[in-house]
Amino acid sequence: MSQLKTILITGANGQLGRCFQALSISNSHYSFLFTDKNSLQITDDDALNLFFKENKIDVCVNCAAYTAVDKAEIERDLAMEVNTNAVGYLAKTCKKYNTQFIHISTDYVFDGSANMPYKPEDKTNPVNFYGQTKLGGELNAIKENCASIIIRTAWVYSEYGNNFVKTMMRLMKDKESIGVVSDQRGAPTYAPDLAEAIMHIINKNNFVAGIYNYSNKGNISWYDFAKEIAAQISTNCIVNPICTAQFPTPAARPAYSILDLQKIEKVFSIETLEWNTSLQKCISKLINS
Ligand SMILES: NC(=O)c1ccc[n+]([C@@H]2O[C@H](COP(=O)([O-])OP(=O)(O)OC[C@H]3O[C@@H](n4cnc5c(N)ncnc54)[C@H](OP(=O)(O)O)[C@@H]3O)[C@@H](O)[C@H]2O)c1
């Protein structure tokens, strides 16, 4: 009997990682290994080597990251170790053990000064430290393993962990009105959609190395996003537009971070989905849970 292909999901207790845990049920033709901080620190080069030596891994999807964008301005060493250095260790280990490496990056590698969707090859110029560390991770992945697939995504939400949709739903329940930033534009990504897209790439078994963008289809502000959440949950809470200057944060955010999705759609025949349809799926799961 032939061996099942093994997929390692690092950072498996995060939003995207938990989507893979959910997907593993309908993908029983693969064997999944789920690790997180407590079982496999991606910052520990020796531990990675040992883990890959002991387990024959065909594909590694790195969902582990330091994602606290504002805290990263202070916890610089930790953010750099997880998002930049560890990605290099993983990429190198994958190359050594002949494992396909899929790494997740971010729209925050761009400075937001564009006025049309960012293509993967556009000039990067992060405006905050988190973005710098994620860009460092991309460069390390390519340097250590030129077969790496890097997928940049944006505004990730799901029924798991902490994210904008869950925060808005909580605030809308507790408050009569809220202010939401209307001068930053992007497109949300429903994490289960991204996990499905990555499974599609793995299923195709056609690993075309390079940098790709993936998000849901859209061109909206955080305010538009909040308004749609309010409409879908039928709240009485009033959502008011505010500008970035009225909501200062330790880390700057790009004013525009819409990603051009054509490359991933073409190379892997992936159909990207409309942002508000995916939002509906998430909200109905949250309401019924
Ligand atoms: N969330 C977004 O809006 C967004 C936007 C653009 C791109 N992305 C990228 O998308 C990917 C997935 O994001 P996500 O929202 O799923 O992130 P997440 O929920 O924060 O999950 C990241 C996971 O990695 C774990 N982790 C942290 N340090 C680790 C280490 N040294 N070794 C092993 N695991 C470690 C975290 O554990 P702890 O929680 O215990 O630290 C967490 O479980 C990341 O690469 C992120 O940069 C996210």
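The values are calculated or read from the model by the stated rules, or taken from the named source; none is laboratory data. A quick note: this is a predicted structure, and the numbers were derived from the prediction, not measured. Neighbour counts are summed over all protein chains in view; Cβ atoms, including those assigned to glycine, are modelled from backbone coordinates with ideal geometry.
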**Asked** Where residues in the stretch 1-36 are part of a strand (DSSP E or B) and within 12 Å of the ligand (Cβ to nearest atom), which of them is surrounded by the most Cβ atoms within 10 Å (Cβ to Cβ)?
**Response** I9
**Asked** Taking the stretch 88-117, which residues are part of a helix (DSSP H, G or I) and touching a Pro at 6+ places or on another chain (Cβ under 9 Å)?
**Response** D107, Y108, V109
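Restricting to the stretch 247-289, and then to whatever is outside any loop (DSSP other than H, G, I, E, B) and modelled with pLDDT under 95, can you tell me which residue is nearest to A226 (Cα to Cα)? Give the steps one after another, and end with the answer.
Taking the stretch 247-289 first, the residues outside any loop (DSSP other than H, G, I, E, B) are 256, 259, 262-268, 274-288.
Pick out the ones that are also modelled with pLDDT under 95 and you get 287-288.
On the way: I287: 16, N288: 20 Å.
Result: I287.
Can you give me the number of residues within the stretch 44-66 that are within 9 Å of the ligand (Cβ to nearest atom) and crowded, with 20+ Cβ neighbours inside 10 Å? Before you say what the answer is, go through the steps one by one.
Pass one, the stretch 44-66, residues within 9 Å of the ligand (Cβ to nearest atom): 44, 62-66.
Filter once more, so that each one left must be crowded, with 20+ Cβ neighbours inside 10 Å: 62-66.
Result for the stretch 44-66: 5.
For the structure I just gave you, tell me whether T189 is closer than 24 Å to G11 by Cβ and loosely packed, with under 15 Cβ neighbours inside 10 Å. Explain how you work it out, then say what you get.
On the way: closer than 24 Å to G11 by Cβ: yes; loosely packed, with under 15 Cβ neighbours inside 10 Å: no.
Here the answer is no, as T189 does not meet what is asked.
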**Prompt:** Here are some conditions: (1) part of a loop (DSSP other than H, G, I, E, B); (2) touching a Leu at 6+ places or on another chain (Cβ under 7 Å); (3) β-branched (V, I, T). I178 meets all but one. Which one does it not meet?
**Reply:** (1)
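Is one or more of the residues making up the stretch 185-193 at pLDDT 95 or above and away from the ligand (no atom under 16 Å from the Cβ)?
The first filter runs over the stretch 185-193 and keeps only residues at pLDDT 95 or above, leaving 185-193.
From what is left, the residues that are away from the ligand (no atom under 16 Å from the Cβ) are none.
No, because not a single residue in the stretch 185-193 is at pLDDT 95 or above and away from the ligand (no atom under 16 Å from the Cβ).
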**Which listed residue is buried (at least 19 other Cβ atoms within 10 Å of the Cβ), under 24 Å from K92 (Cα atoms), at pLDDT 95 or above and among the acidic types (D, E), from E138, E159, E121** = E138
**Request:** Considering (1) free of Cβ contacts under 8 Å to residues at least 40 places away in the same chain; (2) within 13 Å of the ligand (Cβ to nearest atom); (3) among the small types (G, A, S); (4) outside any loop (DSSP other than H, G, I, E, B), say which one S39 fails and leave the rest.
**Result:** (4)
**Complete:** The number of residues in the stretch 94-118 that are out of contact with any strand residue (DSSP E or B) (no Cβ under 8 Å at 6 or more places or on another chain) and within 13 Å of the ligand (Cβ to nearest atom) is 1
**Single residue of the stretch 157-187 satisfying the filter (of a type in the set (D, E, K, R) and without any contact (Cβ under 8 Å) to a residue 40 or more places away in the chain) that is farthest from A22 (Cα to Cα)** = D174
**Single condition Y212 does not satisfy, out of (1) closer than 30 Å to K95 by Cα; (2) assigned to a helix (DSSP H, G or I)** = (2)
